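The structure appears right after this line, and notes come after that.
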Amino acid sequence: MSKYILIIGACGQIGTELTLTLREKHGGEHIIASDIREGNDELMQSGPFEILDATNYDALEEVIAYYGISEVYLMAAMLSATAEKFPMRAWNLNMNTLFNVLNLAKDKKIEKIFWPSSIAVFGPNTPKEDTPQNTIMEPSTVYGISKQSGERWCEYYFNKFNVDVRSIRYPGLISWKTMPGGGTTDYAVEIYHKALTEGSYNCFLEEDTKLPMMFMDDAIRATLQIMEAPEENIKERSAYNLAAMSFTPKEMAENIKAVLPKFKITYEPDFRQEIANSWPSSIDDTTAQNDWGWNAEFDLKKTTQVMLENLKK
Ligand code: AKB
C-alpha cells in the first residue's frame, strides 16, 4: 500500500485505537498521528507523530503536503458536556477543523475524509426508541448543533464538489485503552474504573436513563468498514445511524455486580442529565446494515467482561 493517512486528534479516546489499528493494518510509517499534545507510549512509538492544531489551515496543509497524505480521519472535537461550558470554543473547534479538511478535499489536496457525527444530532422532539436514519432532529445542545451542521456541510461538499466524505453517528463509546473526555456518556467508562479501584461509583445520570452505547472494537471496525466500502455503496452523505446496545446505568451496575458482587452504585444527576434526556434511547441502523454490511458484535455482557479483564491488568 502506498497511501498515507493522517489522523487528527489521534491521542483522544477514538483516535488512539483508530491509529493503532490502522498502523497494524497498513504499517506504522503510513499512518501519521497528530494532536495538540502527545499521546500514550504505544501511540508515540508505533509511527510518525506531529503536533498539529487543525484549526490552522496553513499548518494542516503543510503536514498534508510533507507526507503526501491522501486520507484524513478528523477525530478532534469538543464533546457534549464540555461544549455546554464553552459554546464558542466548541463551535470554532468542531466547525473550523471540518471546513479546513473539506476545503483541502475540494481543492484536490486529499482524496477521502472520515468525520465522526454523533447521536447528539438528535433532540427532544426526535422519536426516542429505534430512532430512524431520517427523522426530526432539532438538537438542543451546542455539540449536537455543531454535529448536525457538520452533517449538512459534508452532504453539501459531496453534492457540489464531489468530496468523498463519510460519516457515522457514534453512540456513547466504551473503551479501556484511553479515557473519554467531556462527554455525557463518559459514565459508562468511569464506572468500570471505579468498580475496580473503589468498589463503588457515584453516577452523574439517573438510574433509568437509557442511552445507545457501543464497545470501541465495534466502533473501530465500523469506521474502517465504511471507509473501505465502494463509493457507490455510501448513499448517505450526511452520516449513518449506528447501533450496538442500549442500557441504563442501573442495568450496567447489575451487569458489573454479576462479576463483582460487592459493587455499589449511587446516583447524583448533574447538568449532563438534561443533555442525556434530549438524546435517543435506541437507534435503528438498518440503513448502515443494508448499505455497507454493518453488524455489531459486542453486547453489554461481553463489553463488561473485556473491560474488567483489561483494566485489572
Ligand atoms: C458525548 O457524550 O458527548 C459523546 C457522544 C455521544 O457523541 N460520547
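Coordinate-derived values only; no laboratory data. Fair warning: this is a prediction, and the values are worked out from it, not measured in the lab. Note: ideal-geometry Cβ built from the backbone for every residue, glycine included; neighbour counts use all protein chains shown.
Brief remarks follow.
- The chain - mean residue ellipticity at 222 nm from DSSP helices (-39,500 (n - 2.57) per run, n ≥ 4, rounded to 500): -13000 deg cm²/dmol
- Lys/Arg +1, Asp/Glu -1 at C-beta; the chain dipole; positive extreme among A54, P87, I226: P87
- Debye equation applied to the C-alpha atoms of the range 107-148, log10 I(q)/I(0) at 0.14, 0.22, 0.23 Å⁻¹: -0.41, -0.70, -0.74
- Counting beta carbons within 10 Å around each of E50, E231 and listing the fewest first gives the order E231, E50.
- Around the amide H of M245, modelled in the peptide plane, lie the amide H atoms of M213, all under 5 Å away and 5 or more residues distant in sequence or on another chain.
- Extension gain, E254 to N134, is 39.8 nm, computed as 0.36 nm per intervening residue step minus the present C-alpha separation.
- Backbone geometry of the range 113-130 corresponds, through the Karplus equation with coefficients 6.51, -1.76 and 1.60 at θ = phi - 60°, to 3J(HN,Hα) couplings of 10, 10, 9, x, 9, 7, 4, 5, 5, 8, x, x, 8, 6, x, 6, 9, 6 Hz, x marking Gly and Pro.
- Label point distance in nm, T197-E62, each placed 7 Å from Cα along Cα→Cβ: 3.8 nm
- Rounded to 5, the percent of DSSP beta bridges in the chain classed as antiparallel: 10 percent
- Rg followed by Dmax, in Å, when the range 86-136 is reduced to its Cα trace: 14.9, 41
- Between helix 216-228 and the chain: long-axis angle, C-alpha atoms, 0 to 90°, nearest 10: 30 degrees
- By the count of neighbouring beta-carbon atoms within 10 Å, fewest first, L196, L242 end up ordered L196, L242.
- Compactness relative to 2.2 N^0.38 Å, alpha carbon Rg of the range 192-300: 1.29
- Projected-area mean, the range 11-146, by convex hull of Cα positions, square nanometres: 9.4 nm²
- Going from the residue with the fewest nearby Cβ atoms within 10 Å to the one with the most, K108, K250 rank K108, K250.
- Reducing the range 189-216 and the range 1-18 to their Cα centroids gives an inter-centroid distance of 27 Å.
- Relative contact order of the range 5-153, pairs being alpha-carbon contacts under 8 Å that are 6 or more residues apart, as %: 21 percent
- Pairs of Cα atoms farther than 33 Å apart, the chain, %: 21 percent
- Cα→Cβ-extended label distance, 7 Å offset, between Q289 and F271, nm: 3.9 nm
- With both residues required to sit in the range 153-271, DSSP beta bridges show an antiparallel share near 25%.
- Of interest is the spacing of the C-alpha centroids, which for the range 258-309 and the range 54-76 amounts to 33 Å.
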